[in-house]
Structures are given as structure tokens and as C-alpha cells.
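K.L.:
Handing you this structure, nothing more for now.
The values are calculated or read from the model by the stated rules, or taken from the named source; none is laboratory data. Bear in mind the structure is a predicted one, so any value in this text is a computation, not a measurement. Note that we place each Cβ from the backbone using ideal geometry, even for glycine, and neighbour counts take in every protein chain shown. Protein only, heavy atoms only, side chains kept; ligands, DNA and RNA dropped before computing areas. Shrake-Rupley method; radii C 1.70, N 1.55, O 1.52, S 1.80 Å.
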Amino acid sequence: MNIRDSLIAIIVLAICLVWAFADGAAAQQGIGSALRLMTPLLLACLAGLYSERAGVFDIGLEGKMLMAAFTAASVAYITGSAWLGLAAGIAGSLALSLIHGLASITFMGNQLISGVAINFLASGLTVLVGQNAFGLGGRTPALTGAGRFNPITLPGAEALRDVPVLGPIYSGLISGQTILVYVAFALVPITWWVLYRTRFGLRLRAVGENPASVDTAGVSVTRLRYTAVAIAGVLCGIAGAYLATGLSAGFVKEMTAGRGFIALAALIFAKWRPWQALFATFLFGLLEAIANLYPNLDLGIITVPSMFMNALPYILTVVILAGFVGRAIPPRAGGEPYVKER
């Protein structure tokens, strides 16, 4: 990995170190918040990574996360089980993934239009069904108890709390997260291994670069692309379920708040690589955590207003999409339907 590929990690580490030296207690609180805030972004980013590596662009990450958040919160409230809510969230996201697969793979439609349609469908359907089911303006009732994923205290966290440096990191940052946060982080090395160390990953990357060669080798391009879209649906389902049952305590109208698009920007920033995606999404989470912790940031000379601080993640999204970090080259066959030669 060269310096340019390590740029994201260098920026993130620099921000954390400067913050820790300036205000250690606030830095620990902010970084812990960033880990929680980045989790849905990381899961959605990995979802887009699988789909786009297979040549299927997926702008519908936002809509699938939104649908998953609604179905997860609804089922978790009705059953009182966060795990059943998670299963429902995955099912809701997979349903929209199937629609996207049918439109873009089977019927060879425009993948971008299909993704936009999914976003509109999820936005309207969640409010309509939510209002009819609960009568709360599209919201679900608040989740409590087993209806939410609660923080987990890891072994030895209390005993190591007073150990310098390592104690606060382990007890205050690593410990005390929900199970889905750990799942998201574990999926990064798993994704790297699947894509770069397995036959399936080789074929998946090949179908996004040159599907004709994969077809010639006797491997079904359609099956591989559907598999990638399904994996993306599962990951978006986990992301949406985490939003509603882990990060929040229920569903609120448009609660994804552009996270699907931020995940796409992070994917471009990461150049479609899993480890870079980890640091890219952490950077977005860190900016959101800073905005939440310092609504009016006093820099001595000037005071940065809260509106600008809240807009920081979205400003970074625009900067990245404008090509500030250099040209990112997507998979060559991305966005193009494959027509089997006869």
C-alpha cells in the first residue's frame, strides 16, 4: 500500500492524536461516539463494495437501509425481540435488493434509475405503512428492553479501566459497544479475505471487470451478480436494523438522513477496497461526532456555527465526489448490463 492509499488512515490518526492531546476526555467520548456513528456507514459501504465489484451500481443503499430500519423497528416492537427485528430488517432490505436485481440484471434496465426508484419507494412506503400501523406520523413506538441491542461489557473491562493508555481504550472504546458494532468491524477482514483470497472473490471481481471472460470460463455472470446484490441486501439490512434498534430506539421518518449516499462517497474515497473503507467511514463518523460534541466550535479567532458543523459530513461528501482526493477508477464493467454472446 503506497502513501496515497494510506492517506485516509493518516488523516484519521492525525485527527485522533491532535484531539487526544488537546482534550483527552472529550476525545475518548468523541471517538467512542464515532465508532457507533460509523457502523451503519461501514456496513452500507461494504454492501456497495460487493455489489459494485460485481458490476452492479447501487444508489439504492439509502432506500434499503431505510426499509430495513422500519421493518426492524416494527417487528422488534411487536415481538419485543431485537434479534427478530434484525431478521425482519434483513428481509425487508433483501426484498428491495431482489427488485434492483430484477430491474438491472434480468431486465437489463438502467442501474442508476433502478436505485433512485428504490429510494423513493422506501421513503414513501415506510411512512405510509408506519402511519397506518401505528398512527404516529410514520414513526414506530419507542423500543425498550430486549427490543433494542444493548451495549456489551467485555471481560476485564472494569479491571483494566485504570491502566494508563490501554485501559481507557479497552474499557471506554472497545468495550461497551453493541453486538452489531463488533459484527461490522469483523466484516472488514472477512470481506478482504473473501474478495482477495477465495475463488468466489476472484470471480466476483472478474465479473465487474470483464464479465465476458467469466462467461467464457463457464461461470454464470447472472448468478454471481445476483449473489453480490443479495450480499449487499443483507449488509444494508444489518445497517438499517442497527440504526433503529442499536443507535436509536425506534424508527423515525427519513432516519437514514443521507447515510446511504455518504456510504457511496466513502466507497469512492476508499477506491472500492475494504480496509480503506474502514478508515473512510470512520472519518465521516468522526466528523459527525465532532459536530455533535462541539455544536459551536470556538477556534479563538472565530466561532464555527452549529449549522456548518452539522453539515461537515455532507460537505466532505461533495468534496470527495468532486474528485478532490484524486481520480478513483470504478470497475470497468460497472453499470453495464451483460448480454450473453450466442
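K.L.:
Need the full-extension length gain, Asn210 to Arg223, defined as separation in residues times 0.36 nm minus the C-alpha distance. One decimal, nm.
P.N.:
Length difference between fully extended and current span is 3.2 nm.
K.L.:
Consider all pairwise Cα distances in segment 100-165 and report the whole-number % of them above 17 Å.
P.N.:
I get 69 percent for the Cα pairs in segment 100-165 exceeding 17 Å.
K.L.:
Still on this structure, I have one more. Which value, in Å² rounded to 10, gives the accessible area of Trp83 with a 1.4 Å probe and all protein chains present?
P.N.:
150
K.L.:
Leaving out ligands and nucleic acids, and using a 1.4 Å probe, what accessible area per residue does the chain come to in Å²?
P.N.:
46
K.L.:
Rounded, prolate or oblate, given the Cα gyration tensor of segment 163-221, with a/c below 1.5 counting as rounded?
P.N.:
prolate
K.L.:
Between Rg and the Kirkwood Rh of segment 1-149, both from Cα atoms, what is the Rg to Rh ratio?
P.N.:
Using only Cα positions, Rg/Rh for segment 1-149 is 1.07.
K.L.:
Quick one, could you list the DSSP H helices from the chain stretching 30 Å or more along their long axis (Cα atoms) with average Kyte-Doolittle hydropathy of -0.5 or above?
P.N.:
24-53, 111-134, 221-242
K.L.:
Let me know the Kirkwood hydrodynamic radius for segment 142-249, please, with Cα pairs as the basis and the value in Å to one decimal.
P.N.:
16.9
K.L.:
For the chain, with only Lys/Arg (+1) and Asp/Glu (-1) charged at the beta-carbon, what is the dipole magnitude about the Cα centre, in debye rounded to 20?
P.N.:
840
K.L.:
Cα-Cα pairs above 27 Å in the chain: how many percent?
P.N.:
Cα-Cα pairs of the chain separated by over 27 Å account for 47 percent.
K.L.:
In what sequence, largest accessible area first, do Leu287, Leu41 appear using a 1.4 Å probe?
P.N.:
Ranked from most to least accessible, the order is Leu287, Leu41.
K.L.:
Right, something else. Apply the a/c threshold of 1.5 to the C-alpha gyration tensor of segment 194-241 and tell me whether it is rounded, prolate or oblate.
P.N.:
Here segment 194-241 falls in the prolate category.
K.L.:
Next question, about the same structure. From the Cα gyration tensor of segment 1-51, with a ≥ b ≥ c the square roots of its eigenvalues, which class applies: rounded if a/c is under 1.5, or else prolate if a/b is larger than b/c, or else oblate?
P.N.:
oblate
K.L.:
Could you work out the relative contact order of the chain? I mean the mean sequence separation of Cα pairs under 8 Å and 6+ apart, divided by the number of residues, in percent.
P.N.:
33
K.L.:
Could you order Cys45, Cys16 by accessible surface area, starting with the largest, using a probe radius of 1.4 Å?
P.N.:
Cys16, Cys45
K.L.:
Accessible area of the chain with a 1.4 Å probe: how many percent of it is carbon plus sulfur?
P.N.:
Ligands and nucleic acids excluded, carbon and sulfur reach 68 percent.
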